[in-house]
Protein chains: 2
Amino acid sequence: MRGRSINLAISHRGRVALRSVGLEETVLGSAIPMQGRLLHGKTGALQSMPYDPVFNNCIYSIGRNSLNEVLLNAAENYDNVKVKFDHKLVNADIRRGVIRVQNKTTTEVFEETADLIIGADGAYSVLRSAMLMTPMFQFNQTHIEHGYLELYIPASLGDKMTPNHLHIWPRGQFMMIALPNKDTSWTVTLFMPLDNFTSLRDEDSIMYFFENIFPDAVPLIGKNSLVHTFLSTKPSQLISIKCSPHHFGSKFLIIGDAAHAMVPFYGQGMNSGFEDVSVLSELLDKNHLEVKEIIKLYSEMRVQNVQAVCDLAMYNYVEMRDLVMRKSFRARKAVDEVLYKLCPKIWFPLYNSVSFSSLEYRRCLENKKLQDKECNI
Amino acid sequence: MRGRSINLAISHRGRVALRSVGLEETVLGSAIPMQGRLLHGKTGALQSMPYDPVFNNCIYSIGRNSLNEVLLNAAENYDNVKVKFDHKLVNADIRRGVIRVQNKTTTEVFEETADLIIGADGAYSVLRSAMLMTPMFQFNQTHIEHGYLELYIPASLGDKMTPNHLHIWPRGQFMMIALPNKDTSWTVTLFMPLDNFTSLRDEDSIMYFFENIFPDAVPLIGKNSLVHTFLSTKPSQLISIKCSPHHFGSKFLIIGDAAHAMVPFYGQGMNSGFEDVSVLSELLDKNHLEVKEIIKLYSEMRVQNVQAVCDLAMYNYVEMRDLVMRKSFRARKAVDEVLYKLCPKIWFPLYNSVSFSSLEYRRCLENKKLQDKECNI
């Protein structure tokens, strides 16, 4: 089973966190560098847009399962780490300071507590649900109009795709991307408005759509696989979540998607989650602080930054499927590159600051706004 | 016990709904008309601002308990209405189409179902919680910086207050209002940033604050009552909630605060909830529609309008405590009045369209934006 994923792309912030626990090399060892976007035009014309023509930084495609394995194995090597599989957080009584966990095998429910309880329980976080009703908790949940469906280019045809790129078929309302896997297969993700998915209900409509919109991808994915996936799979939804604060009381904290689920268009979901861990670790290392002070401080430092990256991801939702094909966008990229080459300390293009530096996300966003002004965009 | 409330102000939309079930006269019989705002300056200077100098429309102050009584009595007169007190909605399994209700006396939990289940279960709606995790559900929850505390001017001193007005003490960051009760007492509500409440912790600080900010109110509320209330009561929070859609599947619907809790600064919380009922009734009367079509249509018609009134309430959060004292605001009101008198069909001031008409809230908001443009405000 290939399982649920939009393939993961590791960039600077994820690497920094992995490095601090000695796992960067292991992870990158099974990852594939992507040095740029490769745009597929409707006629099959290809255009490469390197991510970083100045310093040649890459992002890296990695399989979710492979990454999970590395992380779990590493965690289990610590004596003080106990991993419990097949247990589910049922709910949390955060005023009493306890969580209720169910053993899915025995169905038994039991209470747990600890000095610090970190909910990294994803976009539909149960711990966050408990925080929703607490004083001054701000919350915003947006489901975007587009859903996604995962398709697949088998290893046997993988060599027909230009390697070491993130492939993009930008088509305005529709967009498809492909990320390389280690076995030379490619994971393809189609984004389109959910209403359009519903209208593609039989072989004819599916093939008509693909042959008109993504003609060069049809022979690679294969007609059978294409039609079968469409007819057997429901598209997945995309959700963006912002909230504040990220802590409650003296011991509860949410991180990662639980605190800031974002649309996947900037490739920062995992990277920002890993950076949460870097920020938190640094605070925990300051011995003079108590846990309740640490989580409050963490939340104060982190909320604005992760809200900024949620906004950036939403902005890229438009940019990737639409702007990349426009002349004005390409002109702006060209300006970015020239200025970045000439004065890299003054002109730091948005994509590079987000993906290849640890500059706070909100500063990246501020920079972008400033630069947009300078460029009259 | 006076119980929880910011006093309720009935205006046009609430009256229309009450009228349609023959209750308008009964309710207004125990209400007190308020023909305008009465602004209290720091020096004690008073200034009256009528709500509708053109058509003399009023809003009406009504006690929450009295209104509840009228509505419950009227409902019980219908044979097909069963009222169950002391039962609590525990949760809802909306995919299975059932709700789980607890009898608070016996603590027994049982399931209920029906062809149409309407959640009017308030700002912290349990039914809405169940809808939060469903596809395409959009949700926004904002706790504002200000909280409120209820104070009281006893009947014995009530005649010292100019009658038939909604009294306002606008002070920028702080604001106090007073609404009349039938027994000549007044219910006073102080709004202020929650941080400021925390800093008023003893008699001296409370009295110093009041004597400087609301000096003319001190003898009316009375020092003892003022200090006692401050020291014994926690301020309440104010929440604004927008979501979409308001229905789920073929039988679930949320209305009122459950679907659109708003800050209380436009006096439209109850009125918009009652208007929900008017809109829904009208659709239910269209016999050719099925329930599942009705709730979908209701949601489509209603979402934008109630989101607009949430925005208007938030806008008035600033206007009431701040703008009303500014010259530019009063100049704008004067322009509004003149234009409204001259051409009431073309120039419909915002407050009047919201409070004295059934114009869709989103049209009211659009009008306001247009007029702001015309007036360069």
Pairs needed: first member in the stretch B:212-237, within 11 Å of B:LEU190 (Cα to Cα) and within 14 Å of chain A (Cβ to nearest Cβ); second member anywhere, outside any helix (DSSP H, G or I) and basic (Lys, Arg); C-beta distance under 8 Å; at least 6 residues apart or different chains.
B:SER236/B:ARG4
All-but-one check, B:ARG128 against (1) more than 11 Å from chain A (Cβ to nearest Cβ); (2) modelled with pLDDT of 95 or more; (3) surrounded by 18 or more Cβ atoms within 10 Å (Cβ to Cβ), failing number (1)
Exclusive hit being within 14 Å of chain A (Cβ to nearest Cβ) and either touching a residue at least 40 places away in the same chain (Cβ under 8 Å) or among the basic types (Lys, Arg) (or both), set B:HIS165, B:HIS146:
B:HIS146
A:GLN307 versus (1) within 14 Å of chain B (Cβ to nearest Cβ); (2) part of a helix (DSSP H, G or I); (3) under 27 Å from A:LEU151 (Cα atoms): which is the lone unmet condition?
(3)
Looking at (1) modelled with pLDDT under 95; (2) under 22 Å from A:TYR152 (Cα atoms), can you tell me which one A:PRO33 breaks?
(1)
Give me the residue from the stretch A:65-86 that is among the β-branched types (Val, Ile, Thr) and surrounded by fewer than 11 Cβ atoms within 10 Å (Cβ to Cβ) and, out of that set, farthest from A:VAL101 (Cα to Cα).
A:VAL81
Just a yes or no: is a residue in the stretch A:149-160 under 19 Å from A:GLY267 (Cα atoms), within 14 Å of chain B (Cβ to nearest Cβ) and in contact (Cβ under 8 Å) with a residue 60 or more places away in the chain?
no
Considering every residue within the stretch A:173-190, establish whether at least one is farther than 24 Å from A:MET270 by Cβ and either outside any strand (DSSP E or B) or more than 14 Å from chain B (Cβ to nearest Cβ) (or both).
yes
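Given the residues A:ILE144, A:ILE213, A:ILE153, A:ILE221, which is the only one that is farther than 28 Å from A:GLY273 by Cα, among the hydrophobic types (A, V, I, L, M, F, W, C) and surrounded by fewer than 20 Cβ atoms within 10 Å (Cβ to Cβ)?
Result of the check over A:ILE144, A:ILE213, A:ILE153, A:ILE221: A:ILE213.
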Out of all the residues in the stretch B:191-231, which are aromatic (Phe, Trp, Tyr), farther than 27 Å from A:PRO135 by Cα and not in a helix (DSSP H, G or I)?
B:PHE214
Checking B:LYS42 against (1) out of contact with any strand residue (DSSP E or B) (no Cβ under 8 Å at 6 or more places or on another chain); (2) at pLDDT below 95: exactly one of these is not met. Which one?
(1)
Here is a list: A:VAL303, A:VAL318, A:VAL291. Which entry is out of contact with any helix residue (DSSP H, G or I) (no Cβ under 7 Å at 6 or more places or on another chain) and free of Cβ contacts under 8 Å to residues at least 12 places away in the same chain?
A:VAL318
Show me the strands (runs of 3 or more DSSP E) found entirely inside the stretch A:81-133 where at least 1 residues are among the hydrophobic types (A, V, I, L, M, F, W, C) and without any contact (Cβ under 8 Å) to a residue 40 or more places away in the chain.
A:87-93, A:98-103, A:109-112
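The values are calculated or read from the model by the stated rules, or taken from the named source; none is laboratory data. Here the structure is a predicted model, which is why all the values come from computation and not from measurement. All Cβ positions, glycine included, derive from the backbone under ideal geometry; neighbour counts span all protein chains shown.
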